[in-house]
Amino acid sequence: MKIVQKDFRISTKDRNQMIDITGQVGSAVKQSGITNGDVIVYCPHTTAAITINENADPTVSQDILLTLSELVPHSRSGYRHFEGNSDSHCKSSLVGCSEQVLIKDKSLQLGSWQGIFFCEFDGPRSRRVLVQVRGE
Amino acid sequence: MKIVQKDFRISTKDRNQMIDITGQVGSAVKQSGITNGDVIVYCPHTTAAITINENADPTVSQDILLTLSELVPHSRSGYRHFEGNSDSHCKSSLVGCSEQVLIKDKSLQLGSWQGIFFCEFDGPRSRRVLVQVRGE
Amino acid sequence: MKIVQKDFRISTKDRNQMIDITGQVGSAVKQSGITNGDVIVYCPHTTAAITINENADPTVSQDILLTLSELVPHSRSGYRHFEGNSDSHCKSSLVGCSEQVLIKDKSLQLGSWQGIFFCEFDGPRSRRVLVQVRGE
């Protein structure tokens, strides 16, 4: 059993944005030398998240961001957090701050349409992603 | 440390449906020969998800599906994805495409009322579930 | 590869409550003797969840609970589950029953503002949390 950890930075440009990081995660897996196992993709921020969804058609991400913003409005009477980003924190807990993907033959075992996304909910910011590859 | 992977197919019958797959996952754990560790249950589809919730009373699943459909309507002005299943993609990211369960004494360490569900959000379809058991 | 499992109990006081369990999880990691790896924090209940979010300002948790209760009302026409806690089950599947955190140098690799929370959605109750530390 081998454990290899990497991290990388990304810069987001909008307040709400989904950025495809499948390439960076796949590279970390290749570089790890691990053939079979899994990889954890972890976001160390409380106003962002990681999700897996379709990366072929960019309108899918747009519709996910639209839906999240309709479910969790930026301003709402009742919010008590003074920073004005309660919506960002809520979206982070709804989507979740990590995902795991299985590894087979040194490759991510994603479905045909799946990509891994960093979800920015309080940008633009410079963000960090942790990647831990584990296996043999 | 041992890593054993299996996969199985299921056929869904409705557009939105939760199917109890606890039995199939438990069998994969038994067959793996692993005594202690964990199992990742992974859905390689972008309009479906995996969740853990009550499997004793089927009305729980019905109420979860009802709530998700009220939160994320099938049609909405503003959706841009042309396939008409933006709601399915959104539900997938809200619920999440994988779960992990701990293994002790060759058994799933689920709570008394917990079962593992495959969540179909764009059925009916033939779907695949990946199961990776890891441990000793 | 070493696998160490612990569990602990918590008592919740409100119907909806987020309790910071970062200290208990960090202690389990220290006691495990594991230097690098990850920890799974698992909730074996179907009306509760685990999330990672800001634990510096308590208004963040309050706003997350407020948002979840507005998204998923306690009573709604259409709920079929007789126990009157369909909302609790829905929130559990939206937030998710487990989280995983990476471990480096015997410590949780959380972001500066991240804490691990047990989310009670049907309290007050006595609850259990499972913690599995894995690594070397």
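Here's a check for you: in segment B:31-63, which residue that is over 24 Å from C:GLN100 (Cα atoms) and in a helix (DSSP H, G or I) is most open to solvent (accessible area, probe 1.4 Å)? Out of the qualifying residues, it is B:GLN31.
Go over the candidates A:VAL95, A:VAL129, A:VAL101 one by one and state the one that is over 11 Å from the mean Cα position of the chain (by Cα) and among the β-branched types (Val, Ile, Thr). Steps first, please.
On the way: A:VAL95 fails: over 11 Å from the mean Cα position of the chain (by Cα); A:VAL129 fails: over 11 Å from the mean Cα position of the chain (by Cα).
Selected residue: A:VAL101, the only one of A:VAL95, A:VAL129, A:VAL101 that is over 11 Å from the mean Cα position of the chain (by Cα) and among the β-branched types (Val, Ile, Thr).
Scanning segment B:72-81 for residues that are more than 19 Å from the chain's Cα centre (by Cα), at negative phi and facing chain C (nearest Cβ under 7 Å) turns up nothing.
Output yes when any residue across segment A:68-82 is among the acidic types (Asp, Glu) and open to solvent by less than 10 Å² (accessible area, probe 1.4 Å), and no when none is. Break it down into steps so the answer makes sense when it comes.
Filtering segment A:68-82 for residues among the acidic types (Asp, Glu) gives A:70.
Next cut, open to solvent by less than 10 Å² (accessible area, probe 1.4 Å) only: none.
The answer is no; no qualifying residue exists.
All conditions in (1) part of a loop (DSSP other than H, G, I, E, B); (2) closer than 19 Å to A:GLU54 by Cβ; (3) touching a strand residue (DSSP E or B) at 6+ places or on another chain (Cβ under 8 Å) hold for B:ARG127, with the sole exception of (1).
Here B:ARG76 passes the criteria (1) basic (Lys, Arg); (2) without any contact (Cβ under 8 Å) to a residue 12 or more places away in the chain; (3) closer than 27 Å to C:ILE3 by Cβ except the one numbered (3). Find the residue count for segment B:4-30, including only residues that are closer than 16 Å to B:GLN132 by Cα and in a loop (DSSP other than H, G, I, E, B). Of the residues in that region, 1 qualify. The set of residues from segment B:1-40 being away from chain A (no Cβ under 14 Å) and charged (D, E, K, R) comprises B:LYS13, B:ASP14, B:ARG15, B:ASP20, B:LYS30.
Among the residues that make up segment C:108-115, is at least one of them open to solvent by less than 10 Å² (accessible area, probe 1.4 Å), among the hydrophobic types (A, V, I, L, M, F, W, C) and in contact with a helix residue (DSSP H, G or I) (Cβ under 8 Å, 6 or more places away or on another chain)? No.
Tell me, please, whether a residue that is closer than 24 Å to A:GLY115 by Cβ and more than 11 Å from chain A (Cβ to nearest Cβ) can be found in segment B:57-67.
Let us first name the residues in segment B:57-67 that are closer than 24 Å to A:GLY115 by Cβ, namely none.
No - not one qualifying residue is present in segment B:57-67.
Checking each residue in segment B:83-107 for being away from chain A (no Cβ under 13 Å) and open to solvent by 10 Å² or more (accessible area, probe 1.4 Å) picks out B:LYS104, B:ASP105, B:LYS106, B:SER107. In segment A:1-30, which residues are more than 17 Å from A:GLN109 (Cβ to Cβ) and open to solvent by less than 50 Å² (accessible area, probe 1.4 Å)? Correct list: A:ILE3, A:VAL4, A:PHE8, A:ILE10, A:THR12, A:ASN16, A:GLN17, A:MET18, A:ILE19.
Of the set (1) more than 10 Å from chain C (Cβ to nearest Cβ); (2) part of a strand (DSSP E or B), all apply to B:CYS119 but (1).
Among the candidates A:GLY37, A:GLY84, which residue alone is over 13 Å from the mean Cα position of the chain (by Cα), at pLDDT 95 or above and not basic (Lys, Arg)? Result of the check over A:GLY37, A:GLY84: A:GLY37. Restrict the check to segment A:41-50 and report whether at least one residue is small (Gly, Ala, Ser), facing chain B (nearest Cβ under 10 Å) and more than 12 Å from the chain's Cα centre (by Cα). No: segment A:41-50 contains no residue that is small (Gly, Ala, Ser), facing chain B (nearest Cβ under 10 Å) and more than 12 Å from the chain's Cα centre (by Cα).
The criterion of being under 24 Å from C:ILE34 (Cβ atoms) and at pLDDT 95 or above holds for A:ILE50.
The values are calculated or read from the model by the stated rules, or taken from the named source; none is laboratory data. Since the structure is predicted, the reported quantities are computational estimates derived from the model, not experimental observations. Quick reminder, even Gly has a Cβ in these numbers, built from the backbone with ideal geometry, and neighbours come from all protein chains shown. The protein model used for the area step is the full one, side chains on, heavy atoms only, and it has no ligands, DNA or RNA in it. Shrake-Rupley method; radii C 1.70, N 1.55, O 1.52, S 1.80 Å.
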